[in-house]
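Here's the structure, in structure tokens; my notes come after.
The values are calculated or read from the model by the stated rules, or taken from the named source; none is laboratory data. On a predicted model such as this, the values are computed, not experimentally measured, just so you know. Quick reminder, even Gly has a Cβ in these numbers, built from the backbone with ideal geometry, and neighbours come from all protein chains shown. Protein only, heavy atoms only, side chains kept; ligands, DNA and RNA dropped before computing areas. Shrake-Rupley method; radii C 1.70, N 1.55, O 1.52, S 1.80 Å.
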Amino acid sequence: MKKLVRILDGNVFALSEDNGDMAFSPTNPSGFFAFDTRFLSTWRLSLDGEQLNPLAVHDPSYYEIRFFLVPGHPTHYVDAKVSVIRDRWISGCGFVEQLTVLNHTGEAVDHVLRVEVDSDFAPIYNVVWPHASTLRGYREVSDGCLRLGYRREKFHRLTDVSSSEPAEVDERGLTFRIRVDRQGKWSTRLQVTGLAPSPNGEDIRTRLGHHGHQKGARLRHDLSEWLADAPQLSCDWEPMAVTYRRGLVDLAGLRYTPLAAPHESMPAAGLPWSATIIGRDSIFTCFQTLPFVPRLATTTLRLLALNQGTVLDDFRDEEPGKILNEFRYGEMAAFEERPQSPYFGGADVTPLFVVLLDEYERWTGDGALVRELEDAARAALRWIDEYGDLRGDGYIWYQPRNERSGAKNHCWKDTPEAICYRDGRLPGLPRATCELQGYAYDAKRRGARLAREFWGDPAYADRLERQAAELKQRFNRDFWIDDGGYFALALGPDGDRVDALASNMGHLLWSGITDDDKAAAVADHLLGPRLFSGWGVRTLATEQVSYNPLGYHVGTVWPFDNSLIAMGLRRYGFLAEAGVIAESIVDAAQHFAGRVPESFAGYDRELTRFPVPYPAANSPQASATGAIFLLLRTLLGLEPYGEHLVVHPAIPERFGRIELLDIPGRWGHKDAIGNARTGAP
């Protein structure tokens, strides 16, 4: 697979090769995408019949890119008599491409410029998991505009292509016969627009008021405001500052406007294959970024509450009170070939919803939202006990209702082989993974605070606190593996311990469910050679039969996972260990141009000397991007207490001095300063 370059704005994005072409192929994921559909699968530029090759690619921001191109092979570059600049930027539910042909000779030259255009209108799932595919739909030429279309019953998608300069338009593209003056230039602007008409003929874009679906100049202004509103960071270790700014820009690009909230935004999960609402990723990202951009959480909480489960629906794994895990607009969801319309197959999302609601109020003081979402939060807490507890033993278990097209694992490690014994066997169903119990414990404790302080129900608060205490006691007994000194990855259907050594137990520190006398052993494992690669904590430890340094959930390093682990280590007093993880993730980001990818390979640092990319990782990815913010919070020891922000730094020597200015919250804006030499502000 070729390395692709990308531009994006929420769930609208374009992937191309490094010369700007999008070339149709069943195994090539390039194209222009919006609303979970590939609106263009072929977008190929040629000059006088020759393919163009890149001299340079410049991407100044997430929504725009520039290609410098010449015809011919690299040996001819030095003698290039003509060059082409290809500027591309997102605009609405489409993109604009400005083509500029430069003549470097002393006389006028005639050229034929051709843009080949086509689409397969493939659902994004067909692109993620490639299989035999064909171009499909219809093509129309009218008034100098090329329209590609696809219709299946009431499902209708259109792509319009037009040019600012006259062109010969046919059903396969646009041809320009041009003359460029000596040392002169010629230019045209191409507009590509994706349309998704509803049955009444209305384009769903008309219901979007998203800041991101705007012209380039307004996007630039919006990004400037976004960066100015965020806390300002300075750090003696430059990679930290670089990664922080890159994270802010990537978060801006991932802002997504759901149709149900056309004037608000929330984090899309990641580019390219998760550019949509994924409840788990949105919640984690909002939690990670609360001290920096708290307004993302407001939309996320409201949107998830609005779409909370109300009925039993086996196809969608829906249950009353359950929070959705994924929502898509594409063809396969529309015709129920896939259940993401919406899909509720995540047992962790519901307790995490309550966790985020409480943490949001602690930072912002927005009690009005807590009262507004009381019914949703109570329903989520009720789900934990009524539907999450399949066996009536006080634990959250999961067993897919949709066994045909639903997810096998309903936790963040949702690939089929992720939950395993150390000898590689897979447990039967139902399963109760360890981190689910930590989330439930945290949700009950936080729900108790909300009930006592905002809902006027102290009896309910007492009951939740009692349930949380009982869960903690029971959990530390049933999940602990004495001879290994660690928590089991899960319980199997017979109640036996699924004994793989995995990163999940780091989330137990984050949630607070771990007994104090077990925390040191957990920390030792997390920073030990089997789990810690030198670049971060692996998802699965070496010496487990299923371990694979390139396995998605069985050996790679996930930065979001590491950020929760670091915060958990700090919670239990392991400040130096938390700093080691923070330093390793920032160090790794240097090898990805400051961007924190979704995951990377779990090879030992001493073996590879650099973090090896995971080929199919989303990048940017929301909760991976959010990792840098939670790690920064952990290093500075930022905690809200009532109307005050407490700062208690514990900063590794390499970072030197860190200053984070204008941290927003219920206190207004505060500064946090930490120095590695003293460990105090």
Could you work out the local net charge near residue 662, counting Lys and Arg as +1, Asp and Glu as -1, over the other residues with Cβ closer than 12 Å to its Cβ?
-2
When all C-alpha to C-alpha distances in the chain are sorted into bins of 20 Å, what percent of pairs does each bin hold, rounded to whole numbers?
18, 50, 27, 5, 0
Evaluate the Debye formula for region 562-653 with equal point scatterers sitting on the alpha carbons, no solvent, and hand back log10 of I(q)/I(0) at q = 0.16 Å⁻¹, in q order, two decimals.
-0.68
For the peptides 438-451, 580-593, 233-246, what is the packing order when you average, over each peptide's residues, the other Cβ atoms within 10 Å and list the highest mean first?
438-451, 580-593, 233-246
Greater than 29 Å apart at Cα, pairs in 322/472; 3/154; 408/518:
3/154; 408/518
Portion, in percent, of the accessible area of the chain that falls on carbon or sulfur, probe 1.4 Å
48 percent
Output row, site residue 372, 7 Å Cα→C-beta label point, backbone N cut-off 16 Å, window region 279-316, residues 294-308
If each K or R counts +1 and each D or E counts -1, the residues other than residue 349 whose Cβ falls under 9 Å of its Cβ total +1
Degrees between helix 516-526 axis and first principal axis of the chain (Cα, 0 to 90, nearest 10)
30 degrees
Accessible solvent surface per residue of region 453-592, calculated while the other protein chains remain in place, 1.4 angstrom probe, Å²
34 Å²
For region 22-118, what is Rg from Cα atoms divided by 2.2 N^0.38 Å, rounded to two decimals?
1.18
Among 340, 11, 62, whose Cα lies farthest out toward the positive end of the dipole of the chain, if unit charges sit on the beta carbon of Lys, Arg (+1) and Asp, Glu (-1)?
62
Using all C-alpha to C-alpha distances in region 259-408, build P(r) with 10 Å bins and read off the rounded percent in each one.
12, 41, 35, 12, 0
Looking at region 487-561, I'd like the Rg to Rh ratio, where Rg is from alpha-carbon atoms and Rh is Kirkwood's inverse mean 1/r.
0.96
Taking 37 °C and 0.692 mPa s as the conditions, I'd like the Stokes-Einstein D for region 524-610 in µm²/s, using the Kirkwood hydrodynamic radius from alpha carbon pairs.
258 µm²/s
Report, in degrees rounded to the nearest 10, the 0 to 90 angle that the Cα long axis of helix 238-254 makes with the longest principal axis of the chain.
70 degrees
Using Cα atoms only, what is the angle between the long axis of helix 575-589 and the major principal axis of the chain, expressed in degrees (0 to 90) to the nearest 10?
10 degrees
